[in-house]
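*Asks:* Provided herewith is a single structure, encoded as structure tokens, for subsequent inquiry.
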Amino acid sequence: MDLRDFYLLAALIACLRLDSAIAQELIYTIREELPENVPIGNIPKDLNISHINAATGTSASLVYRLVSKAGDAPLVKVSSNTGEIFTTSNRIDREKLCAGASYAEENECFFELEVVILPNDFFRLIKIKIIVKDTNDNAPMFPSPVINISIPENTLINSRFPIPSATDPDTGFNGVQHYELLNGQSVFGLDIVETPEGEKWPQLIVQQNLDREQKDTYVMKIKVEDGGTPQKSSTAILQVTVSDVNDNRPVFKESQVEVHIPENAPVGTSVIQLHATDADIGSNAEIRYIFGAQVAPATKRFFALNNTTGLITVQRSLDREETAIHKVTVLASDGSSTPARATVTINVTDVNDNPPNIDLRYIISPINGTVYLSEKDPINTKIALITVSDKDTDVNGKVICFIEREVPFHLKAVYDNQYLLETSSLLDYEGTKEFSFKIVASDSGKPSLNQTALVRVKLEDENDNPPIFSQPVIELSVSENNRRGLYLTTISATDEDSGKNADIVYQLGPNASFFDLDRKTGVLTASRVFDREEQERFIFTVTARDNGTPPLQSQAAVIVTVLDENDNSPKFTHNHFQFFVSENLPKYSTVGVITVTDADAGENKAVTLSILNDNENFVLDPYSGVIKSNVSFDREQQSSYTFDVKAVDGGHPPRSSTAKVTINVMDVNDNSPVVIYPPSNTSFKLVPLSAIPGSVVAEVFAVDIDTGMNAELKYTIVSGNNKGLFRIDPVTGNITLEEKPTPNDVGLHRLVVNISDLGYPKSLHTLVLVFLYVNDTAGNASYIYDLIRRTMETPLDRNIGDSSQPYQNEDYLTIMIAIVAGAMVVIVVIFVTVLVRCRHASRFKAAQRSKQGAEWMSPNQENKQNKKKKRKKRKSPKSSLLNFVTIEESKPDDAVHEPINGTISLPAELEEQSIGRFDWGTAPPSTFKPNSPDLAKHYKSASPQSAFHLKPDTPVSVKKHHVIQELPLDNTFVGGCDTLSKRSSTSSDHFSASECSSQGGFKTKGPLHTRQF
């Protein structure tokens, strides 16, 4: 199967599958020559067309459009709104419309037109056939106004002679109906012969004998009439010439001949050889062939007749499409009056000599030969109605139609020779703006002939493409402290549309108050000065909007990062840092952290710290800000340190700032109370029997070089007051009478007073001996001092009155030895005291107690050393020397050191956690306020106070000393820890044996060794 056969088969299949829903046909019949605006028909009414779409149920206004060829003068018009068909000012002339066609009644004269119904959802193609009925608008006419006929004189009566027939373009009853001979002079009559084709041929009848010699010419008129209303007619002059006699007429062998000749027969081709015979002889037998009067002039132009031979030849190129059948009447005459007649029918056979014809009629009116479509037009948008035809017949006239190349258009067959040009897919102006393609019509002849029609389609842009940014996210960076109006970037978007649809304007979105954007150019500038420390990043949107209808837009995100500049100095969180540390803090301990910030970023934010003026007491980490001590703290030596800290950032140039740092050393309870009064270990106070209860009989006064609660003291009698005769004020240390003394109370009373501080986390204490002599007088002081010396042999946890041997009965020699020994001790104590008081002059404020010290009774030493000692004490009470007497360590198996076991149970008030002036329960355990005037009050001891055990002859650790304080002249035993060791408060008990070896007691015969510091 070749390509031509394939196209033919495709066309046949398309014709069989026509969509009857969109292709319909109407037939109307009208008369020719109707005036303008005569209604012919109503399309929607005649086809019962509904305005409701059956598929969607929607109603629409239908548009009726006549499909016409450019340049044609339409014979009818169609109302676009109503679908009514009317005549136009162009008169319909049937004879002109169907020129050359047969005028038989059965042959209709018609013309066709196409009407489309829009919009596309309601599309229909209506094929309308309008049959034009004849109107008697033409009169019958003879071929010539004068008709000449020659009749021999010997013609018999009733002989007939043909008269050239008249013709009438009208058909049917409006054609030639009647002939009439006028002024026949009774010699001639008229008869009408009707041919099988319906033609009426007039014949002249000889009614009388003729005599050429009497009259050789007869002149008459012949009238022809049609059958129309009104009737039309015409006349011609009929001139009859009487000729000489010729007895025999020629005779054709065949009077009806039909031949076939191809239309491409060359000029000169023989069509047929006619042959006639004549019985006469001589000149009367010479036959001459001529065309009859009824032969159309057009036929005579195509064929030539040899007058002598009767040969008909082609003298002009034939065209079957112009005239397919030629009827030729040939007369054979021998010169007589009656020639022979033969009719030759020449059938011109088809040759594929005509290419197909393409009749392109646009549904969408073109402009300068170009159809304009919108890119938003839907699929199957109708563009044109294409009618293909071929003047050839049969196979040569079978035409197929197709589009030459691949385009978004296709041909849809609606009839066997008509196609709709439609869009086959959605159009995209941005893809292709213009299409130029050929529609090819090809016949099935051999060889096949083609015809093409060029179609130009231009697309009109629709705003169907929003602007597109080259980047959906635009990231920028700009340094802070910029100038206003600084150029940042040019934001650009493209639009694939054209014209105003591609004109883009730019607009800033919200949160873009720091920026300006040129609406046309897209230039983005800074409208303000950026400060990275206030805002490091700006995120906003930019909208690109085109000028289409409706406008389309798109957005892009803009991220502007502000780059840092070193425009901020480091900033300390405080202008003055104050840190509080405990004394005795180990060296290289962390005492605080300096916090500094820099609002800049990167290297500009990298801060390095340094100390400006500290004299290397502290070490500062330059990066973390941690301050560590380079010294050991002792609040008593220096209570605070102040220096400046400098912070420098890493910018270029660098920026710096300074801050002040104060390190406050908080007190730690590392000093035991020091007894000021009584002034001597052998001092006593006289308590007369006349003293009344409540009177102050003695006073105990001690100081603590610590501060705050560590220096708050509490006085308690822990032994020697078994009768409850005395009471000590826990705050002032004043000893008062509880009861009036009785004679049974006369004698020496030894009170063991515990002086403890309220330090945290461990309370320190000191024991002091207070001697009270109850009697009306103290006349023999030496005796009393001897008694005091003897009490030293009594353990502290026993009352001196419990001794088995009264002190009053002691040997006088013992008293004297004690006096001498005391004098020696006083001399040593004076020397040591002077040294110690010089070191601690600023520590003790004893001047206020100097007068009270005078009330205590001391031994009357006559030597000058004692007097010098008393003078020194009066001048400088603050400088009392402290001597610490330590029990000499001895081996446990030493027989000399037999221990005297005794126990002092502390009073219940020592076990209390509060002394009434400070509530430990309300104080935080380990916090302090920097502005508190007494930081030590925030410390609390949670240590229970246990019993104080004194066990004589108990070995004491070398590192843990049992300490007593030696007052001038004589010894007053003091319990507590070594105050010069400044121990850390690791013990949880004020009188813990693990820290203070209070179990040592007194040895009955052991010597006392003085350790001076």
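The values are calculated or read from the model by the stated rules, or taken from the named source; none is laboratory data. Since this is a predicted model, take the numbers as computed values, not measurements. For neighbour counting, all protein chains shown are included, and Cβ atoms are generated from backbone atoms with ideal geometry for every residue, glycine included. Side chains are part of the model used for accessible areas, which takes the heavy atoms of the whole protein and leaves out ligands, DNA and RNA. Shrake-Rupley method; radii C 1.70, N 1.55, O 1.52, S 1.80 Å.
*Asks:* For the range 704-717, does any single residue satisfy the condition of being within 30 Å of Pro761 (Cα to Cα), among the aliphatic types (A, V, I, L, M), in contact with a strand residue (DSSP E or B) (Cβ under 9 Å, 6 or more places away or on another chain) and assigned to a loop (DSSP other than H, G, I, E, B)?
*Replies:* Checked the range 704-717: at least one residue is within 30 Å of Pro761 (Cα to Cα), among the aliphatic types (A, V, I, L, M), in contact with a strand residue (DSSP E or B) (Cβ under 9 Å, 6 or more places away or on another chain) and assigned to a loop (DSSP other than H, G, I, E, B).
Here's the yes/no breakdown for (1) touching a Phe, Trp or Tyr at 6+ places or on another chain (Cβ under 7 Å); (2) of a type in the set (Ser, Thr, Tyr):
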residue	(1), (2)
Ala340	yes, no
Asp350	no, no
Leu360	no, no
Ser365	no, yes
Pro378	no, no
Leu385	no, no
Pro408	no, no
Leu411	yes, no
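*Asks:* Shifting gears a bit: Take Leu9 and decide whether it is closer than 30 Å to Asn450 by Cβ, over 53 Å from the mean Cα position of the chain (by Cα), open to solvent by 50 Å² or more (accessible area, probe 1.4 Å) and at pLDDT below 85.
*Replies:* Against the criterion (closer than 30 Å to Asn450 by Cβ, over 53 Å from the mean Cα position of the chain (by Cα), open to solvent by 50 Å² or more (accessible area, probe 1.4 Å) and at pLDDT below 85), Leu9 qualifies.
Residue by residue, here is whether (1) among the hydroxyl-bearing types (Ser, Thr, Tyr); (2) modelled with pLDDT under 85 holds:
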site: Ser59; (1), (2): yes, yes
site: Val63; (1), (2): no, no
site: Leu66; (1), (2): no, no
site: Lys69; (1), (2): no, yes
site: Val76; (1), (2): no, no
site: Thr82; (1), (2): yes, no
site: Phe86; (1), (2): no, no
site: Asn90; (1), (2): no, no
site: Ser102; (1), (2): yes, yes
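*Asks:* Run down Gly189, Gly172 and say which single residue is modelled with pLDDT under 90 and of a type outside the set (Ser, Thr, Tyr).
*Replies:* Being modelled with pLDDT under 90 and of a type outside the set (Ser, Thr, Tyr) holds for just one of Gly189, Gly172, which is Gly172.
*Asks:* Please find, among Leu34, Leu26, the residue that is at pLDDT 90 or above, open to solvent by less than 80 Å² (accessible area, probe 1.4 Å), outside any loop (DSSP other than H, G, I, E, B) and touching a strand residue (DSSP E or B) at 6+ places or on another chain (Cβ under 8 Å).
*Replies:* Leu26
*Asks:* All but one of (1) touching a helix residue (DSSP H, G or I) at 6+ places or on another chain (Cβ under 9 Å); (2) free of Cβ contacts under 8 Å to residues at least 24 places away in the same chain hold for Glu194; which doesn't?
*Replies:* Going through the list (1) touching a helix residue (DSSP H, G or I) at 6+ places or on another chain (Cβ under 9 Å); (2) free of Cβ contacts under 8 Å to residues at least 24 places away in the same chain, Glu194 breaks only (1).
*Asks:* If you take the residues of the range 500-536 that are within 15 Å of Leu476 (Cβ to Cβ) and touching a residue at least 60 places away in the same chain (Cβ under 8 Å), which of them is farthest from the chain's Cα centre (by Cα)?
*Replies:* Per the stated criteria, the residue is Arg532.
*Asks:* Which of the residues spanning the range 565-580 are assigned to a loop (DSSP other than H, G, I, E, B) and open to solvent by 40 Å² or more (accessible area, probe 1.4 Å)?
*Replies:* Glu565, Asp567, Asn568, Ser569, Thr573, His574, Asn575
*Asks:* Of all the residues that make up the range 57-74, how many are assigned to a loop (DSSP other than H, G, I, E, B), aliphatic (A, V, I, L, M) and open to solvent by 50 Å² or more (accessible area, probe 1.4 Å)?
*Replies:* Final tally of qualifying residues: 2.
*Asks:* Filtering the range 381-392 down to residues that are within 47 Å of the chain's Cα centre (by Cα) and in a strand (DSSP E or B), which residue is surrounded by the fewest Cβ atoms within 10 Å (Cβ to Cβ)?
*Replies:* Ile383
*Asks:* Can you name the condition, by its number, that Ala298 falls short on among (1) surrounded by 18 or more Cβ atoms within 10 Å (Cβ to Cβ); (2) assigned to a helix (DSSP H, G or I)?
*Replies:* Unmet condition: (1).
*Asks:* To continue, here is another question. Condition first: over 23 Å from Ser763 (Cα atoms), open to solvent by 10 Å² or more (accessible area, probe 1.4 Å) and not in a loop (DSSP other than H, G, I, E, B). Now tell me which residues in the range 650-696 satisfy that.
*Replies:* Ser656, Ser657, Thr658, Lys660, Thr662, Lys685, Leu686, Val696
*Asks:* May I ask you to list the residues in the range 615-649 that are open to solvent by less than 30 Å² (accessible area, probe 1.4 Å), touching an Asp or Glu at 6+ places or on another chain (Cβ under 6 Å) and in a loop (DSSP other than H, G, I, E, B)?
*Replies:* Within the range 615-649, Phe633, Asp634 qualify.
*Asks:* Just to be sure I understand the filter: pairs with C-beta atoms under 7 Å, separated by 6 or more residues or on different chains, first member in the range 465-476 and open to solvent by 90 Å² or more (accessible area, probe 1.4 Å), second member in a loop (DSSP other than H, G, I, E, B). Which pairs pass?
*Replies:* Going by the 7 Å Cβ cut-off, the qualifying pairs are Ser470/Ser492.
*Asks:* To continue, here is another question. Which ones in the range 734-744 are free of Cβ contacts under 8 Å to residues at least 40 places away in the same chain and open to solvent by less than 30 Å² (accessible area, probe 1.4 Å)?
*Replies:* Correct list: Ile735 only.
*Asks:* Can you name the number of the only condition in (1) under 30 Å from Val371 (Cα atoms); (2) crowded, with 18+ Cβ neighbours inside 10 Å; (3) not small (Gly, Ala, Ser) that Glu460 fails?
*Replies:* Here Glu460 meets the rest and fails (2).
*Asks:* How many of the residues in the range 150-167 are open to solvent by 20 Å² or more (accessible area, probe 1.4 Å) and either modelled with pLDDT of 85 or more or not in a loop (DSSP other than H, G, I, E, B) (or both)?
*Replies:* Result for the range 150-167: 9.
*Asks:* Would you mind finding the one in Val529, Val560, Val542, Val505 that is β-branched (Val, Ile, Thr), open to solvent by less than 70 Å² (accessible area, probe 1.4 Å) and part of a loop (DSSP other than H, G, I, E, B)?
*Replies:* Val529
*Asks:* Okay, next question. Restricting to the range 256-275, name every residue that is among the hydrophobic types (A, V, I, L, M, F, W, C) and either within 13 Å of Asn347 (Cβ to Cβ) or surrounded by fewer than 18 Cβ atoms within 10 Å (Cβ to Cβ) (or both).
*Replies:* Correct list: Val257, Val259, Ile261, Ala265, Val267, Val271, Ile272.
*Asks:* Among the residues that make up the range 485-493, is at least one of them open to solvent by less than 30 Å² (accessible area, probe 1.4 Å), within 27 Å of Pro550 (Cβ to Cβ) and assigned to a strand (DSSP E or B)?
*Replies:* Yes - at least one qualifying residue is present in the range 485-493.
*Asks:* Checking Phe633 against (1) touching a Leu at 6+ places or on another chain (Cβ under 6 Å); (2) modelled with pLDDT of 90 or more; (3) among the hydrophobic types (A, V, I, L, M, F, W, C), only one condition comes out false. Which one?
*Replies:* Looking at each condition in turn, Phe633 falls short on (2).
*Asks:* In addition: Going through the range 357-373 one residue at a time, which ones are assigned to a loop (DSSP other than H, G, I, E, B), farther than 14 Å from Val115 by Cα and open to solvent by less than 50 Å² (accessible area, probe 1.4 Å)?
*Replies:* Pro366, Gly369
*Asks:* Of the numbered conditions (1) touching an Asp or Glu at 6+ places or on another chain (Cβ under 6 Å); (2) in a loop (DSSP other than H, G, I, E, B); (3) open to solvent by less than 20 Å² (accessible area, probe 1.4 Å), Ser336 satisfies every one except a single condition; which is it?
*Replies:* For Ser336, the failing item is (1).
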